[in-house]
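Written out below as structure tokens is the structure these notes cover.
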Amino acid sequence: MKTIGIITSGGDAPGMNAAIHSIVTTARFHNIQCIGFERGYNGLIDDIHHDLTLTNVKHISHLGGTILKSARCPRMLEQKFRNQVIETLINNSIDGLIVIGGDGSFQGAHLLSQITDIPIIGVPGTIDNDIDGSDYTIGFDTASNTALDAIDKIRDTADAFERIFIIEVMGRHSGQLALNVGIAAEAEQIICPEMAIDPHLIVQNIAQHINSYLIDNGHASYIIVAAENTYPDGALALAELLTKQIGIECRASVLGHMQRGGLASCADRTLATKLGAFAVESLISGYNNVMSGQVNGQLTLTELEKTGLGTKQVDPYLLNIYTNKLN
């Protein structure tokens, strides 16, 4: 193996740059050249790339975002554009491709693996932590700390005004962020997909709990951490309905894309370094159409088509702690 191609695809996640750094430095140790394609699969389709050397990846591990840029790529749904990707790989003498991204990125990688013998390895980078085959994904720890810091600050003003706040975090299909951050922030209420709450009962259930809580604690702050899209019309609509239901002002704060930014945490940089190096070593060993991950402290490989099965669950013990707290 002489040349490895690298892309970062889909939503950016803190630690992606650490993964790039690890891939390039590990490849250099094995005398392998690295080429970075810009803006995910778009760079592969349009053949927009540049060499990645030890010099231009030096001191990037702490940076948020990705030096290769990222983007969604609807064109990958069409066979003709997937064929263009293969042409680009062949024209640039790419012997192996590493895709850093999430579920959608790995679906694209799996489709490519069906039409080429060039080996492809995935590295899980998404703040949602919803990829099967790895206990944690790159970016989850940093995003959790960012969200927790924001909630702690909101708690200060909530205490000062004895106010109710709904804080919406990312994770439209997964409650990993909501549950972990909600528990850490001592939130009075957490709403996430895994709880399978009937949307029509959310307002009623929360209103009842707020009334009960205020009876027991008097005037006090009350924090609700909600995963995005758990309530169909969003946190702002939920806050408005709760205000009408209980007669107490309820405010909503949507953290949004701030959760994706910022300096990558030590945990994310370390994880990215391990998974990036393992991806290179797996390519050298002849593996294809798999993702490098870490389960129970052990480096593992999972078939790309199995990384998006949705079988990964939130921590059942944490969920039980929260459930017990409500009762």
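The values are calculated or read from the model by the stated rules, or taken from the named source; none is laboratory data. Quantities reported herein were computed from a predicted structural model and do not represent experimental measurements. Ideal geometry is used to build each Cβ from the backbone, glycine not excepted, and the neighbour counts take in all protein chains shown. Each accessible area value is taken on the protein alone, full model and side chains, heavy atoms only, with ligands, DNA and RNA left out. Shrake-Rupley method; radii C 1.70, N 1.55, O 1.52, S 1.80 Å.
Here is how the numbers come out for the structure above:
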quantity	calculated
Dipole moment magnitude, nearest 20 debye, the range 124-172 about Cα centre, only Lys, Arg, Asp, Glu C-beta charged	180
Inverse mean reciprocal Cα-Cα distance (Kirkwood Rh) of the range 31-117, Å	13.7
Phi-based couplings in Hz for the range 27-32 (Karplus 6.51, -1.76, 1.60; Gly and Pro marked x)	4, 4, 4, 9, 6, 10
Convex hull volume per residue in cubic angstrom - Cα atoms of the range 165-282	127
312, 58, 274, reordered so the largest accessible area comes first (probe 1.4 Å)	58, 274, 312
Sequence-distant residues sharing a close amide H with residue 35 (under 5 Å, placed H)	4, 5, 6, 52
Carbon/sulfur fraction of accessible area - the chain, other protein chains in place, 1.4 Å, %	50
Given 69/153; 2/274; 58/274, the pairs whose alpha carbons are separated by over 24 Å	69/153
For the range 182-327, share of DSSP beta bridges that run antiparallel, in % to the nearest 5	65
Under Karplus coefficients 6.51, -1.76 and 1.60, residue-wise ³J(HN,Hα) of the range 72-89 in Hz, glycine/proline x	6, 8, x, 4, 5, 6, 9, 4, 5, 7, 5, 5, 5, 4, 4, 4, 4, 4
Where the range 1-109 is the region considered: accessible area per residue in Å², 1.4 Å probe	41
Nearest-ten-degree value, helix 103-113 long axis tilted from longest Cα axis of the chain	20
Those aspartates and glutamates that a straight Cα-Cα span of less than 19 Å connects to residue 306, excepting residues fewer than 8 apart in one chain	103, 128, 130, 132, 135
Listed peptides 109-119, 10-20 by packing density, highest first (mean Cβ within 10 Å)	10-20, 109-119
Under the Karplus curve 6.51 cos²θ - 1.76 cosθ + 1.60, θ = phi - 60°, whole-Hz ³J(HN,Hα) for the range 196-209, x wherever Gly or Pro sits	6, 7, 5, x, 6, 9, 4, 4, 4, 5, 5, 4, 5, 5
The chain: radius of gyration over Cα atoms, expressed as a fraction of 2.2 N^0.38 Å	1.09
The range 117-141 and the range 295-327: distance between their alpha carbon centers, rounded to Å	14
Cross-link reach list, aspartates and glutamates versus residue 80, counting only Cα pairs under 18 Å and skipping chain neighbours closer than eight places	46, 47, 117
Whole-Å distance, taken between Cα centres, linking the range 161-190 and the range 259-289	28
Cα-based equivalent ellipsoid of the range 99-175: semi-axis lengths in Å, sorted from largest, via gyration tensor	38, 11, 8
Residue 284 - accessible surface, heavy atoms, 1.4 Å probe, Å² rounded to 10	80
Peptides 184-195, 136-147, 300-311 ordered by average Cβ neighbours within 10 Å, highest first	136-147, 184-195, 300-311
By accessible area with a 1.4 Å probe, ligands and nucleic acids excluded, highest first: order of 317, 231	317, 231
The chain - share of DSSP beta bridges that are antiparallel (%, nearest 5)	25
Where the Cα pairs of the range 247-301 fall when distances are cut into 10 Å bins, in %	19, 32, 23, 14, 9, 4, 1
The range 1-29 versus the range 41-82: alpha-carbon centroid distance in Å	10
Surface per residue (accessible, 1.4 Å probe) for the range 254-327, Å²	54
Sequence-distant aspartates and glutamates (8 or more away, or on other chains) whose Cα lies within less than 12 Å of residue 325	186, 188
Other-chain or far-sequence residues with amide H under 5 Å of residue 70's (modelled H)	39
